[in-house]
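First up is the structure itself, then whatever we jot down about it.
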Amino acid sequence: MPHKKKDSLAVETKEFRALDPENVKKTVEIPVKEKPSIEELEIVEKVGDPEVIKKAKARTLSKPARKRSIVRKKNSTQKTPSKFKETKLKSDGYKLIITEKPQAAGKIAAALSNGKDNKISKNKVSYYEFERNGDKIVVGCAVGHLFSVSQIAKGSDYPIFDIGWYPNFEVNKKDFTKAYYNVLKSLVKGASEIIVATDFDVEGEVIGYNIIRYIAGQKDAKRMKFSSLTADELQKSYENRLPSIEWGQAIAGETRHFLDWMYGINLSRALMSAVKKAGKFKIMSIGRVQGPALRLIVDKELQIKDFKPSPYWQIFLDVIDKDGNKLTVKHNRDIVDKNKLDIFKKLEGRESEASTKKTKQTIIPPPPFDLTTLQTEAYKFHGITPSNTLASAQKLYLAGLISYPRTSSQKINDIKGALDVLKKLKKRYGPLIEHAVNSKPVEGKKSDPAHPAIIPTGQTGKIEGYELKIYELIAKRFISCFCENSELENKKVEIQIDDLKFNVKGMEILKAGWMNVYPVKMEEKEIKDMNGKVKVEKVKIEEKETKPPKRYSPASILSELEKRNLGTKATRANILETLYNRNYIKDKSIKATELGMNLIESLKKNSPVIIDEKLTREIEKDMDVIRGSKNNLKEKEEKILEKAEKALIKISKDFK
C-alpha cells in the first residue's frame with residue numbers, strides 16, 4: 001500500500017493557526033514546529049539561497065491579489081468567526097469580576113472578601129463567591145487568551161486577509177481553555193454587572209474585550225485598574241472602578257493581533273512557496289519584527305566575517321621619582337605604524353616632569369526598573385535570559401510580591417506608598433534600609449501611561465531559584481533609589497616627553513552611598529601621587545591585534561531593539577526566543593546560523609521591505625496613536641489594516 005503523503009496545508013494549518021494562550025501574550029511571531037517529521041517534510045540543504053528563490057519566483061504562476069478576498073477551492077470550507085450578539089444582563093444578579101489568570105482571581109477574591117470567599121470548582125476550573133457591602137460578587141477567570149486569530153476560509157494561498165476571532169478550542173482541538181470558556185459563559189448568565197480585571201495593558205485589554213463581547217454579549221464593561229495584587233490596591237481598584245474598558249488599549253491590541261497574523265502567515269507562506277517551487281519543502285517563518293531583528297544580528301555577523309585583524313602597538317614606560325616611587329604609564333594613543341616604534345625605544349633614561357590631577361565625581365542612584373533594564377541587569381549579574389527574567393517577574397507579580405512587570409516606566413507614582421514599602425522591607429533588608437535616608441526616590445526619564453516602575457510590594461513569600469535572584473535585584477534597586485549619591489575620586493598621573501604624552505588612571509570610592517545596597521561592577525584602582533622630576537627606567541612595547549566587533553548578547557540585542565523601537569517591552573524577549581527556535585541564531589554570544597544568513601541574504605535581494613525596520617517602526621507608532629486615542633478607533637484600525645494589506649500585496653508580488 002503506497003504511503004499516504006501528508007497534506008502540507010494541514011501541516012501549515014496546525015503550525016500557524018493555533019496560538020497557545022499561555023504564550024500568546026508574549027508572542028509577536030507565529031510559531032512553527034521546531035522539528036517537522038520526515039513524513040511531513042523534506043530536508044532542505046540550501047534553504048534561502050538567493051538563486052533558489054530567484055528561480056522559484058520565475059517558475060511561480062502570478063495571481064492577482066484581491067483585497068480581503070476569500071479564495072475558494074473545490075474542497076475548501078468556510079468557518080464562522082465569533083460574532084457579537086448582545087445579551088441582556090439580569091437586573092437582580094451578582095457582580096461578575098473577570099481576571100486574566102487563576103492566581104489573580106484568588107488574590108482579588110481574598111482581598112475583596114477579607115479572606116471569607118467561597119471557592120467553587122466546576123470541571124476543574126475554580127471561581128469564587130462572596131458578599132461585600134451587601135453585594136454578591138463572583139470572581140471568574142480566563143487563562144490568558146481564550147480567543148485566537150485565524151483565517152475564515154481554508155486554503156494556503158497568499159496574500160490572505162479574511163480573518164476573525166475564534167475560540168481557541170475551535171482552532172486547536174487539543175486546546176485546554178474550553179473549560180474556562182464554558183465556566184465564564186455560565187457565570188455571565190447570572191450577572192447584573194461585568195467588571196474586567198485583567199492586566200491593565202494592551203494584551204490584558206484584548207483578553208477582556210473578547211470575553212465581554214463574545215462570551216458575555218456586552219458592548220462594554222466596568223474596569224478595575226491596578227499595578228499590584230496587594231489587598232489594599234485591589235480594594236481601592238474595585239471601589240474606584242472605571243466606567244468603561246480602556247478602548248484605546250483594546251483596539252490597539254486587536255489591531256496588533258491582526259497585523260501580526262497577517263504578516264506572519266503571508267510572509268511565511270511566501271517563503272515556503274518559493275522554497276517549495278524550487279523543488280524542496282520546509283516550514284519557514286518570518287514576521288514584521290522577527291525579520292528586522294534577525295537582520296541586525298546577520299549584519300553584525302557579516303561585519304565579523306569581513307573583519308581583517310591588523311597589528312597595533314601599545315607603549316608603556318616604567319618611571320621612578322626622586323623618592324624611589326615607581327609607576328607604569330601608558331602612551332595615550334595606540335601605534336599602528338611599526339616604523340614609529342624606534343622613537344619610543346630612545347626614551348629609556350630620559351627625564352620628565354610628572355603631575356597628578358584629581359577630580360571628584362558624583363554618581364546618583366540608578367532609577368527603579370523598567371522591564372528592559374531589569375532584563376539587561378539580570379543577564380549581566382546572573383546570566384538569566386530575558387525570557388526567563390520576564391517569566392520569573394510574572395510569577396513574582398502573581399504572588400503579590402512585586403508590581404506589574406510589563407512596564408516601560410522608571411517612575412514611582414505613589415511616594416507615600418513607596419515609603420510604606422520601605423518600612424515593610426526592613427524585616428528582610430534591615431541593614432540595607434539604614435542607607436535609605438532620602439524621603440524622595442530617584443526616578444528615571446522613561447514613563448508608561450498604564451503602570452509605574454517595577455518595585456516590591458513589601459509582602460513576603462517563599463521564593464527560590466531565578467525568582468529569588470530577580471526579586472533581590474528589584475528590591476535592592478528600589479531601596480537604592482532612596483540612598484545618597486556615591487562619591488568617587490578620579491586620579492590621573494600625566495607625563496610628557498617632547499610631544500609624547502603618557503598617563504595612568506586610578507579611582508577611589510570616597511563615599512559608597514547607594515553602592516552599599518545595589519550591586520555594581522566597579523573596581524577601585526589605587527595609584528600613588530607623583531609630582532616633579534621622574535626618570536624613565538624602562539620602555540615596554542606590546543604588540544596586539546585589533547578585535548572584530550562584539551556579537552550581541554541576549555541583553556544587548558534587547559536594548560538595541562528598544563533603542564530602534566522594534567517590538568514592545570512585552571514581546572522582545574519572545575522574538576529572540578523565536579529566532580533561536582527557528583534555528584536562525586545560536587549561542588549566548590549570539591551568532592547567526594547559515595540558515596539565518598541565507599534567509600536574510602535572500603530577502604535583501606528579493607524583498608528587502610520584509611526586513612526593513614522602518615516598516616515595523618511605523619506600525620508601532622500607529623499602535624501608539626490608537627492607544628492614546630478616544631475617538632474613531634475602529635476607523636483608525638481599518639486604515640492601518642488597509643495600509644498593511646497594500647504592503648503585503650506588494651511583497652507577495654516579489655515572490656510570484
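Accessible area per residue of region 409-561 at 1.4 Å probe, in Å²? Don't skip to the answer; put the middle values down first.
Working: 8430 Å² over 153 residues.
Value returned for region 409-561: 55 Å² of accessible area per residue.
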Looking at the square roots a ≥ b ≥ c of the eigenvalues of the Cα gyration tensor of region 265-402, which shape do they give, rounded for a/c under 1.5, prolate if a/b is larger than b/c, or oblate? oblate
Probe of 1.4 angstrom, ligands and nucleic acids ignored: what's the accessible area per residue over region 289-404, in square angstrom? 47
Note, region 224-238: 3J(HN,Hα) by Karplus (6.51, -1.76, 1.60, θ = phi - 60°), whole Hz, Gly/Pro = x, goes 8, 10, 8, 10, 8, 9, 7, 4, 4, 5, 5, 5, 5, 5, 5
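Rounded to the nearest percent, how much of the accessible area of region 93-216 (1.4 Å probe, protein heavy atoms only) is carbon and sulfur?
Numbers: 1810 of 4190 Å².
C and S fraction of accessible area: 43 percent.
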Carbon plus sulfur, as percent of the 1.4 Å-probe accessible area of region 471-595, comes to 42
Restraint check, 445/521; 185/219; 446/491; 178/569; 322/491; 563/604, Cα-Cα greater than 26 Å: 446/491; 178/569
Counting only C-alpha contacts under 8 Å and six or more residues apart, can you give the relative contact order of the chain as a whole percent? 19
Set the bar at 25 Å for Cα to Cα. Now go through 107/630; 107/225; 411/586 and name every pair that lies beyond it. 107/630; 411/586
Where Rh is the Kirkwood radius over Cα pairs, Rg/Rh for region 143-205: 1.06
Which of the peptides 198-204, 574-580, 214-220 is most tightly packed, and how do the rest follow, going by the mean number of other Cβ atoms within 10 Å of each residue? 198-204, 574-580, 214-220
So if I take the centroid of the Cα atoms in region 98-140 and the same for region 143-194, what is the distance between those two points in Å? 24
Relative to the Cα centre, what is the charge dipole magnitude of the chain, using +1 at the beta carbon of each Lys and Arg, -1 at the beta carbon of each Asp and Glu, and rounding to the nearest 20 debye? 2120
For residue 173 and residue 341, calculate 0.36 nm times their separation in residues minus their Cα-Cα distance, and state this gained length in nm to one decimal. 53.1 nm
Using a simple spin-label model with points 7 Å from Cα along the Cα→Cβ vector, what separation in nm is obtained for residue 529 and residue 588? 4.4
Averaged per residue, what accessible area in Å² does region 134-214 show with a 1.4 Å probe, protein chains only? 27
Subtracting the Cα-Cα distance of residue 132 and residue 235 from 0.36 nm times their residue separation yields 36.0 nm
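Give the carbon-plus-sulfur fraction of the accessible surface of region 411-465 in %, rounded to a whole number; probe 1.4 Å, heavy atoms of protein chains only.
Numbers: 1810 of 3460 Å².
So the carbon and sulfur contribution to the accessible surface is 52 percent.
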If one compares the long axis through the Cα atoms of helix 102-113 with the longest principal axis of the Cα atoms of the chain, the angle in degrees, nearest 10, works out at 80
For the pair residue 420/residue 333, report the inter-label distance in nm, with labels modelled 7 Å from Cα in the Cβ direction. 6.2
Extreme residue, positive dipole direction of the chain, given options 263, 160, 585 (C-beta unit charges): 160
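Expected output is a single nm value to one decimal: the length gained when fully extending between residue 348 and residue 545, i.e. 0.36 nm times separation in residues minus the C-alpha distance. What is it? Can you show the working numbers first?
Details: separation 197, 0.36 × 197 = 70.92 nm, distance 2.51 nm.
Gain on extension, residue 348 to residue 545, equals 68.4 nm.
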So who's got an amide H within less than 5 Å of the one on residue 132, skipping anything under 5 residues away but keeping other chains? H placed 1.01 Å off N, in plane. 137
5 Å is the cut-off here: which amide hydrogens, built 1.01 Å from N in the peptide plane, fall below it relative to residue 447, excluding neighbours closer than 5 in sequence? 410
Farthest towards the positive end of the dipole of the chain, among 215, 354, 496 and with Cβ unit charges of +1 on Lys and Arg and -1 on Asp and Glu, lies the Cα of 215
Label-point separation, residue 219 to residue 503 (7 Å along Cα→Cβ), nm: 7.0
For region 524-656, just run the numbers: alpha carbon Rg, then divide by 2.2 N^0.38 Å, N being how many residues it has. 1.74
Table column - 3J(HN,Hα) (Hz), region 128-133, Karplus curve with 6.51, -1.76, 1.60, x for Gly and Pro: 10, 10, 5, 10, 9, 6
Among all the aspartates and glutamates, which ones have a C-alpha under 19 Å from residue 547's C-alpha, if same-chain residues fewer than 8 places away are not counted? 299, 301, 306, 334, 337
Using a Cα-Cα cut-off of under 16 Å, which aspartates and glutamates could be cross-linked to residue 533, ignoring same-chain neighbours fewer than 8 residues away? 318, 321, 323, 348, 351, 353, 494, 498
At the level of C-alpha centres, the distance separating region 430-454 and region 319-369, in angstrom, is 39
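Evaluate E = 1/(1 + (r/R0)^6) for residue 82 and residue 638, where r is the Cβ-Cβ distance and R0 equals 22 Å; express this FRET efficiency to the nearest 0.05. Display every interim value, and only then the final one.
Details: r = 19 Å, r/R0 = 0.85.
That gives a FRET efficiency of 0.75.
If r is the Cβ-Cβ distance from residue 118 to residue 460 and R0 is 35 Å, what FRET efficiency results, to the nearest 0.05? Could the numbers behind the result be given before it?
Numbers: r = 26 Å, r/R0 = 0.75.
It comes to 0.85.
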Row for the chain, column shape: gyration tensor on C-alpha, a ≥ b ≥ c, rounded if a/c < 1.5 i.e. under 1.5, prolate if a/b over b/c, else oblate; value oblate
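The values are calculated or read from the model by the stated rules, or taken from the named source; none is laboratory data. Computed from a predicted structure; not experimentally measured. Glycine also receives a Cβ, built like all others from the backbone with ideal geometry; neighbour counts cover every protein chain displayed. With ligands, DNA and RNA removed, areas are computed over all heavy atoms of the protein, side chains included. Shrake-Rupley method; radii C 1.70, N 1.55, O 1.52, S 1.80 Å.
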